[in-house]
Each structure stands twice: as structure tokens, then as C-alpha cells.
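Enquirer: Here you go, one structure.
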Amino acid sequence: MKFNFLLVFLIIVSSYVLLHAYLAGWLIKNFNLTARSGQLLRLALLSLAFLSPFTMFLRKHCVSSLCKYACFFGSMWIGIVLIIVFFIAMHDIVIFIAKRFIANNLTISALITAGLPAKACLAAAAIAIVFSIYSAFSIPNIKKVFVNMPELPRNMDGFKIIQISDAHMDFSYNIRQFEDIVKKINAEKPDLVLMTGDFIDPPMSCDKRIIKAVKSMKPGFGIFAVLGNHEYYYGYEKSVECYKKLGARLLENEIFEFDDFQIIGLNDIRTTRITKDDIKKIIIARNKNKFSIIISHQPLFFDMMVENIDFFAFAGHVHRGQIFPFHIFTKVFYKYFYGLYKISNSYLYVTSGAGAWGPKMRFLAPAEIPLITLSKE
């Protein structure tokens, strides 16, 4: 069945508008707003419901600072409203249970009547919002993972690989953040740096400071990259040119060989509609006598790959959900959601990413820079 992007888009936008209607109704009900205040609140939230998605589309065409600020705050509102609605939904579930099973408790009834649970709910949502913004603006930690692979070439014992994924460099503050990330990376002295897509987003350009930061990394075997879906949104030609300026070797369904290992780089699977058969052809073309590292933006088709090859693979894209409870929905669509997976004799690491897309918020899904150390014994 053909995937209908328009239908999915309309469902998402309709659901998003309904969330604002739910929020307006909840606030009016729980805080006894007047009819006039309620009308103004509904109008304000309805305006935000349409404004914030519009700013997401506007990003690619932003030139002025005012436009960029509007896009920034428009995207932030998406995250804010999602967290608030999550908390008020939990509030309504708890109140429903309380009224149904412990309605005779006078103390609980009095608290509900006084509106204290609603106030506590909004306070908890506010704390979660502040925490999630702080989490997104913090410098991600290096996450060290040690993996034993007996089939590893002896010369690669202790081989250190850094993965940079989903940095989503779209506003100037990201540059300062990324410069600090690079300092952490350089302190680890990796042998190889892999960039698994979604590095630059509009309205950011391939800034000189970004180029300088990437070029300051000096892994012994270089920097290799694949395209993510946002590189195509940013513009394919601009993205390819940017990776050249960064000094990263971009692999587009290609294999790059070293003496002891090879890197197999796949284009973004869904954006370029790569099939399982396409990937099989690429894998078959590998050097069967060398250890294989696979880099792919999206964590897809790995069950098929292990039927043809042993490997260590790196992927990103899913952000570990980024804002809870999207963890649940993301897991529905992606079997390999976050962390290290052993598949037959192969391994896959799916990172939560180094940045945040859209709302600069991370709730219960912190960013990270994975450092994978491979050992033979």
C-alpha cells in the first residue's frame, strides 16, 4: 500500500489542533474562567496551534533575525504544549480513578473541589518543561560503551569510534554547543569519527565556525558521514557541499576500505526509498575478508543484513523519542529504538543523538555522544 504523506500530515495537524482545544477546555473547567476569558484563551491557543506548525515550514526561507526568532519560539511551543497536555491527561486519569473508587474520602473530595490537583499538575508540567529545556541546551555527555568481538582484527583491539548523530545545527547557539562537544571528543582521542546524518538544518548555513570545529577533530582514520533525512530537507547539493567543506568523507551507498576494515555507508533509507534488495547488492560488493562497519541514519533492515554479513553498525534518527511519552510511539515504528543491540554475531548501536529537532527540549531522553571501544578479548 502506498504511503499517503498528505493524509498522515492532515491527521497530525488535526490531532495537534485538538490538543489545544483539550488544553483550553481543561483550563476553563479547572480554573473557573469567565465566558469572556474562556473565549480569549481558546482564540489564543487556536492561533498558536496554527502558528507553530507554520513556523516549522518557514524555517527554510528565514533570512531576518525576527523570522529566525519566530521559528525558534514556534518550535518551542510545540514541545511545551505536548508536555502540558501529557501532564493534564495524567491528572484527568488520576481524578477519574479517585472519584470512582475513593469518592467517599472527604479530604480527597475537598482537595479536588479546591482545585489543588490541577494546580499541582501545572506546577509539575512547568518543572518538566524547564528540565527538558535545560537538558537540550546542556552539553551532552560522552557515553562509553565497551564491546567484545572475538572476530575483530587483532590490529583493531581497543579501537575507539565516536558517533555524532542528529546534531540538528539550526540556530547559532548550536555552534557554541558543538564547539564544546568537539572538545570532549578530542579529549577521548578516537580512532574514527562517524557522522550518521541530520547534522545541519535550516535556517543555519554551513558556518565557518562549524567547519573549523569539525576540522579540529583529528581521528587517526578520519571522519566519515552519511546523509540523514534532514540533509535532503536542507537541500541535497548544499548538504553534499557542506560535508566536503567539513572534511568528512561522505558515503552514498558506498564502501570505503582500510587495511583491516571497511566502512559501508547507506543513504537515508526512507527518504531515498532504498529497498532491502538495494542494500543486499551493496553488502554483496564488500570485501569478505575485512571487518565491516555500517553507518546508516535510520535503524532499519538490520535483521536482513545479518543474514548476509557480520558487522558493527551505527544509526540514529529516532532521538530516543526526545520528549516523553513519544518513546512509546517511536518504539512502535522502530524495533531498534535506543542503545546497543546484539543481532546474531553482529552489533548495532542506535544513539539518542547529540542535539534536538524542532523544540529544543529533551524530556527523559538525554542527548549523548557515543564512544564505542571494540576489543578482541
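FYI, it's all coordinate maths here, none of it is from the lab. Only a predicted model underlies this, so the values are computations on that prediction, with no experimental measurement involved. Every residue, glycine as well, gets a Cβ built from its backbone with ideal geometry; the counts of neighbours run over all protein chains shown.
Enquirer: Any idea which of LEU364, GLY247, ASN289 is furthest toward the positive side of the dipole for the chain, if Lys and Arg beta-carbons carry +1 and Asp and Glu beta-carbons -1?
Expert: LEU364
Enquirer: With label points built 7 Å along Cα→Cβ from the Cα atoms of ILE343 and ILE12, find their separation and express it in nm.
Expert: Distance between label points: 2.4 nm.
Enquirer: Report the trypsin sites (Lys or Arg not before Pro) located in the range 220-313 that are in a DSSP loop and have at most 14 other Cβ atoms inside 10 Å of their Cβ, or state none.
Expert: When the trypsin sites (Lys or Arg not before Pro) of the range 220-313 are filtered for loop state and at most 14 Cβ neighbours within 10 Å, ARG270, ARG273, LYS288 remain.
Enquirer: Can I ask one more? Report relative contact order for the chain in percent, whole number only (criteria: Cα-Cα under 8 Å, sequence separation at least 6).
Expert: Relative contact order of the chain: 20 percent.
Enquirer: Okay, helix-only estimate at 222 nm for the chain: each DSSP H run of n ≥ 4 adds -39500 (n - 2.57), divide by all residues, round to 500 deg cm²/dmol; what do you get?
Expert: Calculated at 222 nm, the ellipticity per residue is -15500 deg cm²/dmol.
Enquirer: Once you list every other residue whose beta carbon is under 9 Å from the beta carbon of GLU257, what net charge do they have if Lys and Arg are +1 and Asp and Glu are -1?
Expert: Computed value for this residue: +1.
Enquirer: Only four residue types carry charge here, +1 at the Cβ of Lys and Arg and -1 at the Cβ of Asp and Glu. Report the dipole size of the chain about the Cα centre in Debye, rounded to the nearest 20.
Expert: About 860 debye.
Enquirer: Related question: List, in order, the whole-Hz ³J(HN,Hα) value for each residue of the range 148-160 obtained from phi through the Karplus relation with A = 6.51, B = -1.76, C = 1.60 and θ = phi - 60°; use x for Gly and Pro.
Expert: Here the 3J(HN,Hα) series is 8, 10, x, 7, 5, x, 4, 5, 9, 4, x, 5, 10 Hz.
Enquirer: Now, a different point. Checking the a/c ratio against 1.5 first, then a/b against b/c, what shape does the Cα gyration tensor give for the range 232-326?
Expert: In terms of gyration-tensor shape, oblate.
Enquirer: Something else: Under the rule that a partner needs its Cβ under 4.7 Å from the first Cβ, which Cys of the chain have none?
Expert: When partners are defined as cysteine Cβ atoms under 4.7 Å apart, the chain leaves CYS71, CYS121 without one.
Enquirer: While we're looking at this one, here's another question. Using 0.36 nm per residue of separation minus the Cα-Cα distance, give me the extension gain between ASN308 and ASP259 in nm, one decimal.
Expert: 15.5 nm
Enquirer: If you don't mind, another one. Dipole of the chain (Lys/Arg Cβ +1, Asp/Glu Cβ -1, origin at the Cα centre): which of SER138, PHE73, LEU23 lies farthest to the positive side?
Expert: Ranked along the dipole, the leading option is LEU23.
Enquirer: So, one more: Taking the number of other C-beta atoms within 10 Å as the exposure measure, put GLU188, GLU237 in order starting with the fewest.
Expert: So the ranking, lowest neighbour count to highest, is GLU237, GLU188.
Enquirer: Something else now. Is there a pair in LYS215/LYS331; LYS143/LYS376; LYS215/LYS238 whose C-alpha atoms are over 30 Å apart, and which pairs would that be?
Expert: LYS215/LYS331
Enquirer: Same structure, new question: Once amide H atoms are placed 1.01 Å from N in the peptide plane, what residues at a sequence separation of 5 or more from ASP201, or on another chain, have their amide H within under 5 Å of its amide H?
Expert: MET169, ASP170
Enquirer: Relative contact order for the range 5-135: what percent, with Cα pairs under 8 Å and sequence separation of 6 or more?
Expert: It comes to 22 percent, rounded to a whole number.
Enquirer: Can you list the lysines whose alpha carbon is less than 21 Å from that of LYS280, not counting same-chain residues fewer than 8 positions off?
Expert: Reachable lysines: LYS288, LYS290, LYS335, LYS342.
Enquirer: Grab the other residues whose beta carbon is less than 15 angstrom from that of ASN345, score K and R as +1, D and E as -1, and report the net.
Expert: With Lys, Arg at +1 and Asp, Glu at -1, the net is -1.
Enquirer: List the lysines whose alpha-carbon lies under 28 Å from that of LYS99, not counting same-chain residues fewer than 8 positions away?
Expert: LYS29, LYS119
Enquirer: Turning to a different aspect of this structure: At a threshold of 8 angstrom on Cα-Cα distance, excluding pairs fewer than six apart, so keeping six or more, what relative contact order does the range 219-324 reach in percent?
Expert: Averaging sequence separation for qualifying contacts and normalising by length gives 24 percent for the range 219-324.
Enquirer: Which shape class, rounded, prolate or oblate, goes with the range 5-135 when its Cα gyration tensor gives a ≥ b ≥ c as root eigenvalues, a/c under 1.5 marks rounded, and past that a/b bigger than b/c marks prolate?
Expert: prolate
Enquirer: In whole Hz and in residue order, list the ³J(HN,Hα) couplings for the range 222-234 that follow from phi through the Karplus curve 6.51 cos²θ - 1.76 cosθ + 1.60, θ = phi - 60°; x for Gly and Pro.
Expert: Values, residue by residue: x, 10, 10, 9, 10, 7, x, 4, 6, 5, 6, 5, 5 Hz.
Enquirer: If I model the chain as equal point scatterers sitting on the Cα atoms and use the Debye formula, what is log10 I(q)/I(0) at q = 0.12, 0.15 Å⁻¹?
Expert: Debye curve over Cα of the chain, log10 I(q)/I(0) at q = 0.12, 0.15 Å⁻¹: -0.94, -1.31.
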